[in-house]
Amino acid sequence: MKRVLILILALWGFLFTAAAKDNKEEDRKLIDKVAMWQIDHYAKVKHHDLAWTNGVLFRGMVEWAYYTDDARYYDFLRKIGEKHDWKFLKRLYHADDLVVAQMYIRMFEKYKEEAMIRPTIARVDSVVANPSTARLWLGAKRWSERWSWCDALFMAPPVYGLLNRLYPEKHYLDFMDREFKEATDSLYDEEAHLYYRDRRYIPKRERNGEKVFWGRGNGWVFAGLPLLLETLPKDHVTYQYYLSIYKEMADAVVRCQDKQGSWHASLLDPSSYPAPENSASGFFTYGLAWGVNHGILKGKKYKKAALQGWKALKSYVHEDGMLGYVQPVSAAPEQVTKDMTEVYGVGAFLLAGIEMLEMK
């Protein structure tokens, strides 16, 4: 009887492992489908190639290229970079115009072609050598020169982290640490463990009386932290600072997830924005799965939340590969429909997909 029980358990384990493997293969095919849908429809994208919207897509796409080693994705990104000589839009200090450097640096790490990274080094060196003294308040003179809106913490800090990994002697992290801390002191709510989009939203309230915490803005901060932490030496003086914020946010993110596994445009008033919002959901799923995979988020609730988030995300991919329920360009919670998509939502989906394929 004991031998029969052992055989049954072994067979069950084999079948479970085979089913899990099949699910991973299906997930990989779906991620490819979403990525290729975006590439096939890229000519219809209204944003400038080097706009922040596409910069977020490119970060997800370059990581998917690394994961799959598929030439289609590298070729797509190389064409973008070469078309613009690996340069940027004109606003020297604006974080939105720097985010494309994340792709440039990752492409340089792959191909070791100096042309891919030279303009990035020149731009960042100029900013570090001549730091802005503008106030962190939208509407203040030259406000966009500082990280005065929470999305900026996805756009810029990972660039400094990637550059530091290549050139630690340049002390890029000294500048980044100061700017990140000042932005956090300005925008991070110590009770909710979430970020205001910018200081204009601190006194505002949602219809239900809750504070206004924008799903996508917080999704981007939460995703930016793993991208940064991956590049930092663990003995770096502020490593624990970033890790602490990440862990605090993780608990807040899990609390804001709905029963179907999604997050909404307004994190604390989902009933006013009942549709899922998948640029937020994609980045929250990515951030949680990354923490689970790296042994940082150890409770069962984190893995459960990531699995539920991924299941929900997959359900909103249209038959042709288009990801739906992505809020258009905005700065605050708005209504979303199933036929709304955006390039940055796809970038988030790709990053989430990689971590879910890695999850054991």
>> Just to be sure I understand the model, the point goes 7 Å from the Cα along the line to the Cβ. What's the resulting K311 to D339 distance in nm?
In response: 3.0 nm
>> Suppose all protein chains stay in the model; what accessible area per residue would a 1.4 Å probe give for the range 103-183, in Å²?
In response: 41 Å²
> So, in nm, how far is label D320 from label H47 when the simple model puts each one 7 Å beyond its Cα toward the Cβ?
Replying inline: 2.1 nm
> For helix 278-293, what angle does its Cα long axis make with the longest principal axis of the chain, in degrees from 0 to 90 and rounded to 10?
Replying inline: 70 degrees
> Given the rule -39500 (n - 2.57) for each run of at least 4 DSSP H residues, summed and divided by the residues of the chain, what is its mean residue ellipticity at 222 nm, to the nearest 500 deg cm²/dmol?
Replying inline: -18500 deg cm²/dmol
> Just how much of H318 is accessible, in Å², when a 1.4 Å probe is used and the result is rounded to the nearest 10?
Replying inline: 50 Å²
> Who wins for biggest fluctuation among A95, A152, A134 in a Gaussian network model of the chain, springs between alpha carbons below 10 Å?
Replying inline: A134
> Considering the alpha-carbon set of the range 231-283 alone, what are its Rg and its Dmax in angstrom?
Replying inline: 14.5, 44
> Just Y273, Y286, Y111 to compare: in a GNM of the chain, with alpha carbon springs under 10 Å, which one fluctuates most?
Replying inline: Y111
>> Which one, A312, A43, A65, has the greatest fluctuation when you compute a Gaussian network model over the chain with C-alpha springs under 10 angstrom?
In response: A43
>> If you fit an axis through the alpha-carbon atoms of helix 343-358 and take the longest principal axis of the Cα set of the chain, what angle between them do you get, 0 to 90°, nearest 10?
In response: 50 degrees
>> Tell me the angle of helix 239-256 to the major Cα principal axis of the chain, expressed in degrees between 0 and 90 and rounded to the nearest ten.
In response: 60 degrees
> At D235 and K83, where each label point lies 7 Å from the Cα along Cα→Cβ, what is the point-to-point distance in nanometres?
Replying inline: 4.5 nm
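The values are calculated or read from the model by the stated rules, or taken from the named source; none is laboratory data. This one's a predicted model, so the numbers in the text were calculated from it and none came from an experiment. Here the Cβ is made from the backbone with ideal geometry for all residues, glycine too, and neighbour counts use every protein chain on show. SASA here: full protein model, heavy atoms, side chains in, ligands and nucleic acids out. Shrake-Rupley method; radii C 1.70, N 1.55, O 1.52, S 1.80 Å.
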